[in-house]
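Heads up: the structure comes next, in C-alpha cells.
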Amino acid sequence: MSVNGEAVRVRTEAERTDEPGWEVDPHDDWALAVVATVGRQLKLRREAAGMRAGEFAAAVGYGEDLVYKIEGGRRIPRPEYLDTADEVLNAGGLIAAMKEDVKKVRYPKKVRDLAQMEARAVELQLYDPLNIHGLLQTPEYARALLSMRRPAYSTDEVERFVAARVARKAVFERDPAPELGFILEEWTLRRPLGGRTALRGQLEHLLEVGGLRNVELQVMPVERDEHAGVDGGIEVLKFEDGSAIGRSPAVANGRPVSEPRQLRILELRYGIIRAQALTPRESTAFIEQLLGET
C-alpha cells in the first residue's frame, strides 16, 4: 500500500489487534491529560491532511476503532503507531517526538514516582524479604509473580507492571552509575516461580547483574540463626545533595521517610543484615551453585 507516493507496510492481523496493556488509568490525571493531548493532535493533523478515520486506519495498518480510541484519549498509542502516523501525515517528526511522553504514562503513577527517585539516587540500599527485588527481576519472573497476586490483577495490569519494572532497569545504564546494594533471601532464589526455565533465566540474570562494578549482591542463607530483617524490607535512596529517603514496614507504617533519626534506624538495620549475609563473592558462588542444581 502507498500513501503520498511512499510505501506503507500493511501490518499483520496480530498487529491490528487492540492488545491489552495500553488502556489509560482513569485515576491518573496526568496520564489522562497527556493521552488526551496526543489524541487531539493526531486527530487535528489527520483532518488537516483531509483523511477520514477509515482511510487513516488503512494507511497506518490498524483498526478504525483503535484510531477513534486513540484520538479520543481512551487508548495509549504504541510507539510504532506514532512513527507510522508521522510518516503517513508527513509530520516531519513532530508526532514521533511524542513517544517520550507517551512512554512514561503507560506505567502506573506510583511506579513512575519510584523510578524518578531511583533515577536521581547516587546510592541505593535494597532488601526485599519476600521476593527478588523488582530491579533485579527478569520479565518472565515478574510476570509470573504478578500473575499470582490475589485478588488477581487483570491482564492489562500485569503487562503494565511488567513494562514498568523493565523500564526501571534504566538505573543500571546511568552514567555516572549509582552504587546499588541488594540483599536477597535464599528461599526467593530457590522457589521456581514461573517454572524451572524462568528460574534459571532469573539466576543467570542475577549473575550478570552481580558482575557489574557498581552492583553488590548478597544472599541471606536460610540456615542463619540470627536475622535483623524480621521486621520487613528496607529501601534507602541517597542523593547527590546529601539528602536521603527511606522506607520500611517497620518505620512510619511503610511511608517514605527523610527524617535523620528514622533514616539512621533503617541504615542500622540494613547494615546488620548485610553483615549477617554472605559476602558478595560467597553470594556469587552460592547463586552459581543454585543454577547448577536447577
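The values are calculated or read from the model by the stated rules, or taken from the named source; none is laboratory data. The model shown is predicted, which means the values in this text are computed figures rather than measured ones. Cβ atoms come from the backbone with ideal geometry, glycine included; neighbour counts cover every protein chain shown.
When restricted to residues that are of a type in the set (A, V, I, L, M, F, W, C) and in contact with a helix residue (DSSP H, G or I) (Cβ under 8 Å, 6 or more places away or on another chain), the stretch 28-48 contains 6. Of all residues in the stretch 232-256, those being more than 15 Å from GLN125 (Cβ to Cβ) and either in a strand (DSSP E or B) or modelled with pLDDT of 90 or more (or both) number 4.
For the residues ALA115, ALA59, the requirement of being in contact with a helix residue (DSSP H, G or I) (Cβ under 6 Å, 6 or more places away or on another chain) and over 30 Å from PRO178 (Cα atoms) singles out ALA59. Does ALA115 satisfy the condition of being over 22 Å from SER258 (Cα atoms) and either in a strand (DSSP E or B) or out of contact with any Ser or Thr (no Cβ under 9 Å at 6 or more places or on another chain) (or both)? Against the criterion (over 22 Å from SER258 (Cα atoms) and either in a strand (DSSP E or B) or out of contact with any Ser or Thr (no Cβ under 9 Å at 6 or more places or on another chain) (or both)), ALA115 does not qualify. Residue pairs whose Cβ atoms lie under 6 Å apart, separated by 6 or more positions or on different chains, with the first residue in the stretch 202-221 and in the same structural domain as LEU189 (by TED's automatic domain parsing) and the second charged (D, E, K, R) and part of a strand (DSSP E or B), are ASN214/GLU179; MET220/GLU185.
When the stretch 27-74 is limited to residues that are among the β-branched types (Val, Ile, Thr) and crowded, with 16+ Cβ neighbours inside 10 Å, the one that is farthest from the chain's Cα centre (by Cα) turns out to be VAL60. Every test in (1) within 17 Å of GLU118 (Cα to Cα); (2) in a helix (DSSP H, G or I); (3) over 18 Å from the mean Cα position of the chain (by Cα); (4) of a type in the set (A, V, I, L, M, F, W, C) is passed by LEU203 save one, and that test is (1).
Could you tell me whether the stretch 110-119 includes any residue that is hydrophobic (A, V, I, L, M, F, W, C) and modelled with pLDDT of 95 or more?
no
Looking across the stretch 282-294, the residues that are more than 15 Å from ILE183 (Cβ to Cβ) and either in contact with an Asp or Glu (Cβ under 6 Å, 6 or more places away or on another chain) or in a helix (DSSP H, G or I) (or both) come down to ALA285, GLU288, GLN289, LEU290, LEU291, GLY292, GLU293.
Pick from the stretch 119-144 the residues that are acidic (Asp, Glu) and crowded, with 17+ Cβ neighbours inside 10 Å: which of them is farthest from LEU203 (Cα to Cα)?
Checking each candidate, the answer is ASP128.
Scanning the stretch 145-195 for residues being part of a loop (DSSP other than H, G, I, E, B), among the aliphatic types (A, V, I, L, M) and surrounded by fewer than 19 Cβ atoms within 10 Å (Cβ to Cβ) gives a total of 3.
Could you list, in sequence order, all residues of the stretch 219-231 that are assigned to a loop (DSSP other than H, G, I, E, B) and either at positive phi or surrounded by 17 or more Cβ atoms within 10 Å (Cβ to Cβ) (or both)? Residues satisfying the conditions are ALA228, GLY229.
Residue-wise test of (1) exposed (fewer than 13 other Cβ atoms within 10 Å of the Cβ); (2) farther than 15 Å from TRP187 by Cβ; (3) in contact with a Cys (Cβ under 6 Å, 6 or more places away or on another chain); (4) among the polar types (S, T, N, Q).
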{"site": "PRO256", "(1), (2), (3), (4)": "no, yes, no, no"}
{"site": "PRO260", "(1), (2), (3), (4)": "yes, yes, no, no"}
{"site": "LEU263", "(1), (2), (3), (4)": "no, yes, no, no"}
{"site": "LEU268", "(1), (2), (3), (4)": "yes, yes, no, no"}
{"site": "ALA277", "(1), (2), (3), (4)": "no, no, no, no"}
{"site": "ARG281", "(1), (2), (3), (4)": "yes, yes, no, no"}
{"site": "ILE287", "(1), (2), (3), (4)": "no, no, no, no"}
{"site": "LEU290", "(1), (2), (3), (4)": "no, no, no, no"}
{"site": "GLU293", "(1), (2), (3), (4)": "yes, no, no, no"}
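Taking the stretch 75-106 as the range and being crowded, with 17+ Cβ neighbours inside 10 Å and assigned to a loop (DSSP other than H, G, I, E, B) as the test, the residues that pass are ILE76, PRO77, ARG78, LEU89, ALA91, ILE95, ARG106.
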